[in-house]
Amino acid sequence: MIAASYSRKSHVTRNVTERSVQEQDAMSLKAAQKNSWDLTPSRMYRDNNISASRYSKEERPDWERLQKVLETEPVDVLIMYETSRAWRKLYEWAALVELCADSKVLIHITADGRTYDPNEDSDWSALMEGGFDSEKESRKIRKRVKRAIDANKSQGKPHGRPPYGYETRIDPEDLKKKIRVRIPEQAKIVKEIITRVAKSIPIASIVKDLNERGIVIPSVARGAKPNKRSKDVVLWSPPMIRWICNNIAYIGKVEFEGKLIDATWPPIVDDEDFEEIFWKANNLLKDPERKTTIPARNKYLLSALGDCGECNATLRRRGGSDLESYTCLDKGCVTMRMEWVDTFISELVCNKLAEKDVMAQIFARDDKHLYAEQEALNAELQVALDARAKRELSLRAYMQEEKIILARLEEIQRLIKPAMIPKTVEDLTKDAQGNLKTIRSRWAKLEIPAKKDVIRTLFESIKIMKSSTTKKVRTDEQIEESLRERVKIKWAHE
Ligand SMILES: [Zn+2]
(Lines give C-alpha, C1' and ligand atoms only; values in the text may rest on other atoms or scores of the structure.)
Protein backbone atom coordinates (compact mmCIF):
# COMPACT_ATOMS: atom_id res chain seq x y z
CA MET A 1 0.00 0.00 0.00
CA ILE A 2 1.16 3.51 -0.78
CA ALA A 3 1.31 5.84 2.21
CA ALA A 4 1.61 9.61 2.73
CA SER A 5 2.20 11.37 6.03
CA TYR A 6 1.53 14.79 7.50
CA SER A 7 3.35 16.29 10.49
CA ARG A 8 2.81 19.69 11.95
CA LYS A 9 4.17 21.64 14.86
CA SER A 10 2.04 24.23 16.50
CA HIS A 11 3.73 27.09 18.27
CA VAL A 12 0.75 27.84 20.42
CA THR A 13 0.54 24.60 22.35
CA ARG A 14 3.26 23.75 24.80
CA ASN A 15 1.71 20.77 26.45
CA VAL A 16 3.45 17.56 27.33
CA THR A 17 1.99 15.45 24.57
CA GLU A 18 3.23 17.89 21.94
CA ARG A 19 5.69 16.17 19.60
CA SER A 20 8.19 17.83 17.34
CA VAL A 21 7.81 17.43 13.60
CA GLN A 22 10.84 15.13 13.56
CA GLU A 23 9.30 12.95 16.26
CA GLN A 24 6.02 12.85 14.37
CA ASP A 25 7.84 11.91 11.14
CA ALA A 26 9.72 9.14 12.97
CA MET A 27 6.43 7.80 14.31
CA SER A 28 4.94 7.85 10.82
CA LEU A 29 7.92 5.94 9.42
CA LYS A 30 7.68 3.39 12.21
CA ALA A 31 3.98 2.89 11.55
CA ALA A 32 4.67 2.47 7.83
CA GLN A 33 7.42 -0.07 8.50
CA LYS A 34 5.30 -2.07 10.91
CA ASN A 35 2.46 -2.27 8.41
CA SER A 36 4.72 -2.71 5.34
CA TRP A 37 3.42 0.48 3.78
CA ASP A 38 5.43 2.30 1.13
CA LEU A 39 6.23 5.73 2.61
CA THR A 40 8.91 7.64 0.67
CA PRO A 41 10.35 11.01 1.79
CA SER A 42 8.65 12.72 -1.19
CA ARG A 43 5.27 11.84 0.30
CA MET A 44 6.09 13.04 3.82
CA TYR A 45 4.45 16.43 4.20
CA ARG A 46 5.18 18.74 7.06
CA ASP A 47 4.46 22.27 8.19
CA ASN A 48 6.83 23.61 10.79
CA ASN A 49 5.83 25.90 13.55
CA ILE A 50 2.51 26.90 12.09
CA SER A 51 -0.70 26.66 13.97
CA ALA A 52 -3.63 25.12 12.19
CA SER A 53 -6.16 26.45 14.62
CA ARG A 54 -9.11 28.52 13.53
CA TYR A 55 -7.54 31.50 15.22
CA SER A 56 -4.39 31.37 13.20
CA LYS A 57 -4.30 33.25 9.93
CA GLU A 58 -1.08 31.75 8.71
CA GLU A 59 -0.99 29.50 5.68
CA ARG A 60 0.24 25.95 5.68
CA PRO A 61 1.81 25.23 2.30
CA ASP A 62 2.35 21.49 2.70
CA TRP A 63 -1.16 21.03 4.00
CA GLU A 64 -2.51 22.50 0.78
CA ARG A 65 -0.20 20.25 -1.24
CA LEU A 66 -1.23 17.16 0.66
CA GLN A 67 -4.90 17.70 -0.07
CA LYS A 68 -4.18 17.89 -3.78
CA VAL A 69 -2.10 14.72 -3.64
CA LEU A 70 -4.89 12.83 -1.88
CA GLU A 71 -7.25 13.84 -4.62
CA THR A 72 -5.05 13.11 -7.62
CA GLU A 73 -2.47 10.48 -6.68
CA PRO A 74 -2.87 6.82 -5.81
CA VAL A 75 -2.38 7.08 -2.04
CA ASP A 76 -3.90 4.29 0.07
CA VAL A 77 -3.27 5.50 3.59
CA LEU A 78 -2.62 8.87 5.25
CA ILE A 79 -0.52 8.79 8.43
CA MET A 80 -0.89 11.51 11.05
CA TYR A 81 0.08 11.86 14.69
CA GLU A 82 -3.35 12.86 15.87
CA THR A 83 -6.40 14.50 14.44
CA SER A 84 -5.59 17.95 15.76
CA ARG A 85 -2.47 17.94 13.55
CA ALA A 86 -4.60 18.28 10.55
CA TRP A 87 -7.61 20.47 10.88
CA ARG A 88 -7.95 24.21 10.86
CA LYS A 89 -11.66 24.59 11.22
CA LEU A 90 -13.90 21.74 12.14
CA TYR A 91 -15.64 21.77 8.80
CA GLU A 92 -12.27 21.67 7.07
CA TRP A 93 -11.27 18.61 9.04
CA ALA A 94 -14.62 17.12 8.08
CA ALA A 95 -13.86 17.90 4.45
CA LEU A 96 -10.53 16.06 4.72
CA VAL A 97 -12.23 12.99 6.17
CA GLU A 98 -14.77 13.12 3.36
CA LEU A 99 -12.00 13.54 0.81
CA CYS A 100 -10.24 10.45 2.19
CA ALA A 101 -13.53 8.56 2.10
CA ASP A 102 -14.18 9.53 -1.51
CA SER A 103 -10.62 8.75 -2.58
CA LYS A 104 -10.66 5.49 -0.61
CA VAL A 105 -7.73 6.60 1.57
CA LEU A 106 -7.41 5.08 5.05
CA ILE A 107 -6.35 7.33 7.93
CA HIS A 108 -3.75 6.04 10.39
CA ILE A 109 -3.40 7.98 13.65
CA THR A 110 -0.07 7.11 15.28
CA ALA A 111 -1.09 8.45 18.69
CA ASP A 112 -3.92 5.89 18.72
CA GLY A 113 -1.91 3.21 16.92
CA ARG A 114 -5.02 2.71 14.87
CA THR A 115 -6.06 2.77 11.22
CA TYR A 116 -9.47 4.17 10.44
CA ASP A 117 -11.53 3.59 7.35
CA PRO A 118 -13.54 6.76 6.80
CA ASN A 119 -16.04 4.74 4.76
CA GLU A 120 -16.93 2.72 7.86
CA ASP A 121 -19.58 4.45 9.96
CA SER A 122 -18.00 3.77 13.34
CA ASP A 123 -14.54 4.84 12.14
CA TRP A 124 -16.02 7.93 10.54
CA SER A 125 -17.61 9.10 13.76
CA ALA A 126 -14.45 8.31 15.76
CA LEU A 127 -12.44 10.53 13.40
CA MET A 128 -15.01 13.28 13.56
CA GLU A 129 -15.16 13.19 17.36
CA GLY A 130 -11.38 13.58 17.34
CA GLY A 131 -11.74 16.70 15.25
CA PHE A 132 -14.38 18.04 17.55
CA ASP A 133 -12.23 17.48 20.63
CA SER A 134 -9.40 19.29 18.86
CA GLU A 135 -11.63 22.24 18.26
CA LYS A 136 -12.52 22.38 21.92
CA GLU A 137 -8.82 22.17 22.79
CA SER A 138 -7.98 24.95 20.36
CA ARG A 139 -10.58 27.21 21.85
CA LYS A 140 -9.22 26.50 25.33
CA ILE A 141 -5.64 27.22 24.29
CA ARG A 142 -6.68 30.37 22.56
CA LYS A 143 -8.40 31.49 25.75
CA ARG A 144 -5.21 30.86 27.72
CA VAL A 145 -3.04 32.84 25.30
CA LYS A 146 -5.63 35.56 25.14
CA ARG A 147 -5.71 35.79 28.93
CA ALA A 148 -1.99 36.54 29.03
CA ILE A 149 -2.30 39.23 26.38
CA ASP A 150 -5.47 40.54 28.00
CA ALA A 151 -3.73 40.90 31.34
CA ASN A 152 -1.46 43.45 29.69
CA LYS A 153 -4.13 45.01 27.55
CA SER A 154 -6.67 45.44 30.33
CA GLN A 155 -4.17 47.71 32.02
CA GLY A 156 -3.33 49.54 28.81
CA LYS A 157 0.21 48.20 28.93
CA PRO A 158 2.20 47.78 25.73
CA HIS A 159 2.21 44.34 24.22
CA GLY A 160 4.85 43.31 21.71
CA ARG A 161 7.05 45.52 19.61
CA PRO A 162 6.17 49.19 19.46
CA PRO A 163 4.70 50.37 16.16
CA TYR A 164 6.42 52.85 13.82
CA GLY A 165 6.58 56.20 15.59
CA TYR A 166 7.32 54.77 19.02
CA GLU A 167 10.22 53.10 20.79
CA THR A 168 10.68 51.28 24.07
CA ARG A 169 12.79 52.96 26.73
CA ILE A 170 13.67 52.30 30.34
CA ASP A 171 11.54 54.41 32.63
CA PRO A 172 13.91 56.99 34.19
CA GLU A 173 11.80 57.00 37.35
CA ASP A 174 11.57 53.25 37.74
CA LEU A 175 14.56 51.55 36.16
CA LYS A 176 12.84 48.18 36.19
CA LYS A 177 9.99 49.41 34.03
CA LYS A 178 9.87 49.77 30.28
CA ILE A 179 7.86 52.57 28.72
CA ARG A 180 6.78 53.43 25.20
CA VAL A 181 7.77 56.87 23.96
CA ARG A 182 7.43 58.77 20.68
CA ILE A 183 10.13 59.20 18.08
CA PRO A 184 9.40 62.79 17.02
CA GLU A 185 10.44 62.61 13.36
CA GLN A 186 8.41 59.42 12.81
CA ALA A 187 5.47 60.78 14.78
CA LYS A 188 5.33 63.71 12.37
CA ILE A 189 4.99 61.34 9.40
CA VAL A 190 2.25 59.33 11.11
CA LYS A 191 0.30 62.50 11.81
CA GLU A 192 0.74 63.69 8.25
CA ILE A 193 -0.48 60.41 6.75
CA ILE A 194 -3.56 60.13 8.94
CA THR A 195 -4.52 63.77 8.44
CA ARG A 196 -4.22 63.54 4.67
CA VAL A 197 -6.28 60.35 4.47
CA ALA A 198 -8.98 62.03 6.59
CA LYS A 199 -9.07 64.79 3.98
CA SER A 200 -9.90 62.22 1.27
CA ILE A 201 -6.56 62.61 -0.46
CA PRO A 202 -6.11 59.43 -2.52
CA ILE A 203 -3.76 56.91 -0.93
CA ALA A 204 -1.89 56.58 -4.21
CA SER A 205 -0.88 60.23 -4.16
CA ILE A 206 0.15 60.08 -0.49
CA VAL A 207 2.33 57.08 -1.32
CA LYS A 208 3.85 58.83 -4.30
CA ASP A 209 4.62 61.92 -2.28
CA LEU A 210 6.28 60.02 0.59
CA ASN A 211 8.45 58.13 -1.88
CA GLU A 212 9.41 61.27 -3.78
CA ARG A 213 10.51 62.91 -0.55
CA GLY A 214 12.59 59.86 0.27
CA ILE A 215 10.88 59.18 3.60
CA VAL A 216 12.19 55.89 5.00
CA ILE A 217 9.50 53.18 5.25
CA PRO A 218 8.42 51.95 8.72
CA SER A 219 10.14 48.56 8.71
CA VAL A 220 13.48 50.05 7.67
CA ALA A 221 13.07 52.96 10.08
CA ARG A 222 12.59 50.37 12.81
CA GLY A 223 15.86 48.67 11.97
CA ALA A 224 14.99 46.06 9.34
CA LYS A 225 17.54 45.67 6.58
CA PRO A 226 16.05 46.51 3.19
CA ASN A 227 15.68 43.43 1.05
CA LYS A 228 18.23 43.73 -1.74
CA ARG A 229 16.45 41.41 -4.09
CA SER A 230 13.36 43.52 -4.31
CA LYS A 231 13.53 47.24 -4.91
CA ASP A 232 9.89 47.72 -3.99
CA VAL A 233 10.50 46.74 -0.42
CA VAL A 234 12.09 50.07 0.41
CA LEU A 235 9.16 52.07 -0.99
CA TRP A 236 5.93 53.10 0.67
CA SER A 237 2.86 51.20 -0.48
CA PRO A 238 -0.91 51.55 0.08
CA PRO A 239 -1.05 48.72 2.68
CA MET A 240 1.43 50.63 4.86
CA ILE A 241 -0.83 53.67 4.78
CA ARG A 242 -3.87 51.56 5.64
CA TRP A 243 -2.00 49.88 8.46
CA ILE A 244 -1.09 53.21 10.01
CA CYS A 245 -4.64 54.55 9.70
CA ASN A 246 -6.02 51.44 11.38
CA ASN A 247 -3.67 51.33 14.36
CA ILE A 248 -5.42 52.62 17.47
CA ALA A 249 -2.06 52.67 19.27
CA TYR A 250 -1.62 56.06 17.59
CA ILE A 251 -4.45 57.57 19.59
CA GLY A 252 -3.08 55.98 22.75
CA LYS A 253 -5.70 53.27 22.96
CA VAL A 254 -5.83 49.51 23.36
CA GLU A 255 -8.76 47.33 22.39
CA PHE A 256 -9.89 45.07 25.17
CA GLU A 257 -13.00 42.89 25.02
CA GLY A 258 -14.48 45.03 22.29
CA LYS A 259 -13.90 48.24 24.22
CA LEU A 260 -11.21 50.84 23.79
CA ILE A 261 -9.25 51.67 26.88
CA ASP A 262 -6.54 54.24 27.49
CA ALA A 263 -3.03 52.93 26.97
CA THR A 264 -0.08 53.74 29.18
CA TRP A 265 1.65 55.46 26.26
CA PRO A 266 0.78 58.87 24.78
CA PRO A 267 -1.03 59.42 21.45
CA ILE A 268 1.34 59.98 18.55
CA VAL A 269 0.71 63.76 18.72
CA ASP A 270 -0.72 66.04 21.38
CA ASP A 271 -3.21 67.83 19.09
CA GLU A 272 -6.60 67.91 20.72
CA ASP A 273 -8.60 66.98 17.64
CA PHE A 274 -6.25 64.22 16.52
CA GLU A 275 -8.42 61.39 17.78
CA GLU A 276 -11.35 62.66 15.73
CA ILE A 277 -9.18 62.96 12.63
CA PHE A 278 -7.90 59.43 13.20
CA TRP A 279 -11.44 57.99 13.24
CA LYS A 280 -12.34 59.87 10.09
CA ALA A 281 -9.36 58.45 8.25
CA ASN A 282 -10.08 55.03 9.68
CA ASN A 283 -13.71 55.12 8.56
CA LEU A 284 -12.94 56.46 5.12
CA LEU A 285 -10.66 53.49 4.53
CA LYS A 286 -13.33 51.05 5.66
CA ASP A 287 -15.60 52.25 2.90
CA PRO A 288 -15.59 49.44 0.31
CA GLU A 289 -15.96 52.03 -2.47
CA ARG A 290 -12.42 53.14 -1.85
CA LYS A 291 -10.81 49.72 -1.87
CA THR A 292 -10.10 49.59 -5.57
CA THR A 293 -8.33 52.37 -7.35
CA ILE A 294 -9.35 52.84 -10.92
CA PRO A 295 -7.57 56.00 -12.05
CA ALA A 296 -10.60 57.32 -13.92
CA ARG A 297 -12.76 57.22 -10.83
CA ASN A 298 -10.67 59.97 -9.30
CA LYS A 299 -11.00 62.25 -12.30
CA TYR A 300 -14.72 62.53 -12.98
CA LEU A 301 -17.38 63.31 -10.44
CA LEU A 302 -19.77 60.47 -11.19
CA SER A 303 -17.66 57.83 -12.96
CA ALA A 304 -17.98 54.51 -11.13
CA LEU A 305 -20.41 56.25 -8.76
CA GLY A 306 -23.59 56.89 -10.72
CA ASP A 307 -25.54 54.17 -12.51
CA CYS A 308 -27.38 53.73 -15.76
CA GLY A 309 -31.11 53.89 -15.04
CA GLU A 310 -31.84 51.35 -17.78
CA CYS A 311 -29.41 48.50 -17.13
CA ASN A 312 -27.88 49.48 -13.75
CA ALA A 313 -24.34 49.40 -15.12
CA THR A 314 -22.01 51.99 -13.67
CA LEU A 315 -21.43 55.26 -15.49
CA ARG A 316 -18.20 56.13 -17.20
CA ARG A 317 -16.89 59.12 -19.08
CA ARG A 318 -17.20 59.24 -22.83
CA GLY A 319 -14.64 61.58 -24.30
CA GLY A 320 -13.36 61.88 -27.81
CA SER A 321 -15.06 65.15 -28.56
CA ASP A 322 -14.98 68.53 -26.88
CA LEU A 323 -18.21 67.71 -25.16
CA GLU A 324 -17.52 65.10 -22.53
CA SER A 325 -20.44 63.05 -21.33
CA TYR A 326 -21.36 60.24 -19.00
CA THR A 327 -22.44 57.02 -20.56
CA CYS A 328 -23.36 53.57 -19.30
CA LEU A 329 -20.39 51.23 -19.04
CA ASP A 330 -21.91 48.19 -20.72
CA LYS A 331 -24.29 49.03 -23.48
CA GLY A 332 -24.25 52.79 -23.67
CA CYS A 333 -28.03 52.94 -23.16
CA VAL A 334 -27.86 56.46 -21.74
CA THR A 335 -25.64 59.44 -22.46
CA MET A 336 -25.72 62.86 -20.89
CA ARG A 337 -23.48 65.91 -21.02
CA MET A 338 -20.99 65.66 -18.12
CA GLU A 339 -20.88 69.38 -17.45
CA TRP A 340 -24.65 69.56 -16.99
CA VAL A 341 -24.89 66.55 -14.72
CA ASP A 342 -21.94 67.67 -12.59
CA THR A 343 -23.45 71.13 -12.13
CA PHE A 344 -26.83 69.65 -11.29
CA ILE A 345 -25.43 67.24 -8.67
CA SER A 346 -23.12 69.90 -7.21
CA GLU A 347 -26.10 72.21 -6.72
CA LEU A 348 -28.06 69.44 -5.00
CA VAL A 349 -25.10 68.77 -2.67
CA CYS A 350 -24.58 72.42 -1.76
CA ASN A 351 -28.29 72.99 -1.14
CA LYS A 352 -28.46 69.89 1.01
CA LEU A 353 -25.44 70.98 3.04
CA ALA A 354 -27.00 74.38 3.56
CA GLU A 355 -29.98 72.77 5.29
CA LYS A 356 -30.10 73.58 8.96
CA ASP A 357 -30.18 70.07 10.37
CA VAL A 358 -28.02 68.35 7.78
CA MET A 359 -25.57 66.92 10.31
CA ALA A 360 -28.38 65.51 12.40
CA GLN A 361 -29.83 63.92 9.26
CA ILE A 362 -26.55 62.26 8.37
CA PHE A 363 -25.94 60.97 11.88
CA ALA A 364 -29.41 59.48 12.06
CA ARG A 365 -28.17 56.42 10.23
CA ASP A 366 -28.47 53.58 12.61
CA ASP A 367 -26.51 50.35 12.75
CA LYS A 368 -27.77 49.37 16.18
CA HIS A 369 -29.72 46.37 14.94
CA LEU A 370 -26.58 44.99 13.30
CA TYR A 371 -24.59 45.23 16.51
CA ALA A 372 -27.43 43.50 18.33
CA GLU A 373 -27.49 40.70 15.78
CA GLN A 374 -23.74 40.33 16.03
CA GLU A 375 -23.95 39.87 19.76
CA ALA A 376 -26.82 37.40 19.45
CA LEU A 377 -24.93 35.30 16.90
CA ASN A 378 -21.84 35.10 19.09
CA ALA A 379 -24.01 33.92 21.95
CA GLU A 380 -25.67 31.38 19.66
CA LEU A 381 -22.30 29.99 18.65
CA GLN A 382 -21.38 29.52 22.29
CA VAL A 383 -24.68 27.78 22.99
CA ALA A 384 -24.12 25.43 20.06
CA LEU A 385 -20.63 24.65 21.29
CA ASP A 386 -21.86 23.96 24.82
CA ALA A 387 -24.66 21.78 23.50
CA ARG A 388 -22.17 19.84 21.42
CA ALA A 389 -19.84 19.42 24.40
CA LYS A 390 -22.74 17.83 26.29
CA ARG A 391 -23.49 15.71 23.20
CA GLU A 392 -26.93 17.27 22.88
CA LEU A 393 -26.20 18.27 19.32
CA SER A 394 -25.01 15.96 16.56
CA LEU A 395 -21.67 16.71 15.02
CA ARG A 396 -23.17 17.36 11.60
CA ALA A 397 -25.74 19.71 13.10
CA TYR A 398 -23.04 21.57 14.97
CA MET A 399 -20.88 21.99 11.90
CA GLN A 400 -23.79 23.22 9.85
CA GLU A 401 -24.74 25.69 12.53
CA GLU A 402 -21.18 26.93 12.84
CA LYS A 403 -20.82 27.45 9.12
CA ILE A 404 -24.04 29.46 8.86
CA ILE A 405 -23.26 31.61 11.88
CA LEU A 406 -19.71 32.40 10.82
CA ALA A 407 -20.86 33.36 7.33
CA ARG A 408 -23.50 35.74 8.69
CA LEU A 409 -21.00 37.27 11.15
CA GLU A 410 -18.66 38.02 8.28
CA GLU A 411 -21.50 39.63 6.37
CA ILE A 412 -22.45 41.81 9.31
CA GLN A 413 -18.86 42.97 9.63
CA ARG A 414 -19.12 44.24 6.09
CA LEU A 415 -22.52 45.82 6.61
CA ILE A 416 -21.65 47.85 9.66
CA LYS A 417 -21.07 51.18 8.03
CA PRO A 418 -18.73 53.74 9.44
CA ALA A 419 -20.65 55.90 11.88
CA MET A 420 -18.36 58.81 11.18
CA ILE A 421 -18.72 61.08 8.23
CA PRO A 422 -15.84 62.25 6.07
CA LYS A 423 -13.99 65.23 7.46
CA THR A 424 -14.67 66.96 4.16
CA VAL A 425 -18.42 67.09 4.85
CA GLU A 426 -17.76 68.74 8.14
CA ASP A 427 -15.26 71.16 6.65
CA LEU A 428 -17.82 72.20 4.04
CA THR A 429 -20.50 73.09 6.56
CA LYS A 430 -18.40 74.23 9.51
CA ASP A 431 -19.33 77.77 10.59
CA ALA A 432 -21.09 78.30 7.25
CA GLN A 433 -24.41 78.74 9.06
CA GLY A 434 -26.23 77.42 6.09
CA ASN A 435 -24.80 80.11 3.81
CA LEU A 436 -25.17 78.64 0.35
CA LYS A 437 -22.54 80.94 -1.14
CA THR A 438 -19.88 79.90 1.36
CA ILE A 439 -20.66 76.25 0.86
CA ARG A 440 -20.60 76.59 -2.92
CA SER A 441 -17.18 78.24 -2.98
CA ARG A 442 -15.77 75.63 -0.58
CA TRP A 443 -17.21 72.86 -2.75
CA ALA A 444 -15.66 74.37 -5.88
CA LYS A 445 -12.21 74.20 -4.27
CA LEU A 446 -12.41 70.49 -3.39
CA GLU A 447 -10.51 67.81 -5.30
CA ILE A 448 -12.62 65.24 -7.15
CA PRO A 449 -11.92 62.35 -4.70
CA ALA A 450 -13.05 64.51 -1.78
CA LYS A 451 -16.19 65.50 -3.68
CA LYS A 452 -16.88 61.85 -4.36
CA ASP A 453 -16.64 61.05 -0.65
CA VAL A 454 -19.23 63.71 0.05
CA ILE A 455 -21.52 62.35 -2.67
CA ARG A 456 -21.15 58.83 -1.30
CA THR A 457 -22.13 60.07 2.13
CA LEU A 458 -25.16 62.00 0.95
CA PHE A 459 -26.66 59.83 -1.78
CA GLU A 460 -27.81 56.28 -1.81
CA SER A 461 -27.97 56.27 -5.60
CA ILE A 462 -27.72 58.53 -8.62
CA LYS A 463 -29.17 57.22 -11.86
CA ILE A 464 -29.37 58.64 -15.34
CA MET A 465 -32.51 57.61 -17.22
CA LYS A 466 -33.21 57.53 -20.94
CA SER A 467 -34.68 60.63 -22.45
CA SER A 468 -38.39 60.38 -23.21
CA THR A 469 -38.17 62.67 -26.23
CA THR A 470 -35.80 62.96 -29.11
CA LYS A 471 -36.10 66.74 -29.07
CA LYS A 472 -32.81 68.60 -28.70
CA VAL A 473 -32.42 70.64 -25.54
CA ARG A 474 -31.04 74.10 -26.13
CA THR A 475 -32.16 76.72 -23.64
CA ASP A 476 -31.21 76.74 -19.95
CA GLU A 477 -34.83 75.96 -19.09
CA GLN A 478 -34.84 72.95 -21.37
CA ILE A 479 -31.57 71.71 -19.90
CA GLU A 480 -32.87 72.13 -16.37
CA GLU A 481 -36.08 70.33 -17.22
CA SER A 482 -34.25 67.49 -18.88
CA LEU A 483 -31.94 67.08 -15.87
CA ARG A 484 -34.88 66.99 -13.48
CA GLU A 485 -36.55 64.38 -15.63
CA ARG A 486 -33.55 62.17 -16.27
CA VAL A 487 -31.27 62.34 -13.23
CA LYS A 488 -32.96 60.29 -10.52
CA ILE A 489 -31.40 60.59 -7.10
CA LYS A 490 -32.00 58.88 -3.79
CA TRP A 491 -30.75 60.53 -0.62
CA ALA A 492 -29.02 58.26 1.87
CA HIS A 493 -30.73 59.67 4.91
CA GLU A 494 -34.36 59.93 3.91
ZN1 LIG B 1 -27.12 50.97 -19.50
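The values are calculated or read from the model by the stated rules, or taken from the named source; none is laboratory data. Computed from a predicted model, the values in this text were never measured in an experiment. Note that we place each Cβ from the backbone using ideal geometry, even for glycine, and neighbour counts take in every protein chain shown.
Some notes on this structure:
- Residues of the range 206-239 satisfying the condition of being at pLDDT 90 or above and either among the charged types (D, E, K, R) or assigned to a helix (DSSP H, G or I) (or both): I206, V207, K208, D209, L210, N211, E212, R213
- Pair list, Cβ under 8 Å, 6 or more apart: the range 299-312 residue within 14 Å of S461 (Cβ to Cβ), other residue among the aromatic types (F, W, Y) and within 14 Å of the ligand (Cβ to nearest atom): L302/Y326; G306/Y326
- Among the conditions (1) surrounded by fewer than 20 Cβ atoms within 10 Å (Cβ to Cβ); (2) not assigned by TED's automatic domain parsing to the domain that holds A26, the only one that I193 does not satisfy is (1).
- Given (1) away from the ligand (no atom under 11 Å from the Cβ); (2) exposed (fewer than 15 other Cβ atoms within 10 Å of the Cβ); (3) at positive phi, number of the condition A304 does not satisfy: (2)
- Taking residues in the range 327-353 that are within 16 Å of E481 (Cβ to Cβ) and among the hydroxyl-bearing types (S, T, Y), and partners anywhere that are part of a helix (DSSP H, G or I) and more than 16 Å from the ligand (Cβ to nearest atom), the pairs with Cβ atoms closer than 9 Å and at least 6 places apart or on different chains are T343/L483.
- Check on A444, hydrophobic (A, V, I, L, M, F, W, C) and loosely packed, with under 12 Cβ neighbours inside 10 Å: yes
- Test: residue in the range 34-41 that is part of a helix (DSSP H, G or I), surrounded by 17 or more Cβ atoms within 10 Å (Cβ to Cβ) and either modelled with pLDDT of 65 or more or among the polar types (S, T, N, Q) (or both): no
- Every residue from the range 241-288 that is acidic (D, E) and either in contact with a Leu (Cβ under 6 Å, 6 or more places away or on another chain) or within 15 Å of G165 (Cα to Cα) (or both): D270
- The listed residue being in contact with a Lys or Arg (Cβ under 7 Å, 6 or more places away or on another chain) and at pLDDT 75 or above, out of Y91, Y116, Y55, Y81: Y81
- Which numbered condition S461 fails, given (1) over 15 Å from F344 (Cα atoms); (2) not in a helix (DSSP H, G or I): (1)
- Filter result for I268 (in a loop (DSSP other than H, G, I, E, B), modelled with pLDDT of 85 or more, out of contact with any Ser or Thr (no Cβ under 9 Å at 6 or more places or on another chain) and surrounded by 10 or more Cβ atoms within 10 Å (Cβ to Cβ)): yes
- Residue count for the range 343-365, restricted to those that are more than 33 Å from the chain's Cα centre (by Cα) and crowded, with 16+ Cβ neighbours inside 10 Å: 4.
- For the range 1-24, residues that are modelled with pLDDT of 90 or more and among the acidic types (D, E) total 0.
- Checked against the criterion of being assigned to a helix (DSSP H, G or I) and in contact (Cβ under 8 Å) with a residue 40 or more places away in the chain, the candidates K437, K403, K466 yield just one match: K403.
- Of the listed requirements (1) under 14 Å from T264 (Cα atoms); (2) aliphatic (A, V, I, L, M); (3) touching an Asp or Glu at 6+ places or on another chain (Cβ under 8 Å), A151 misses just one: (3).
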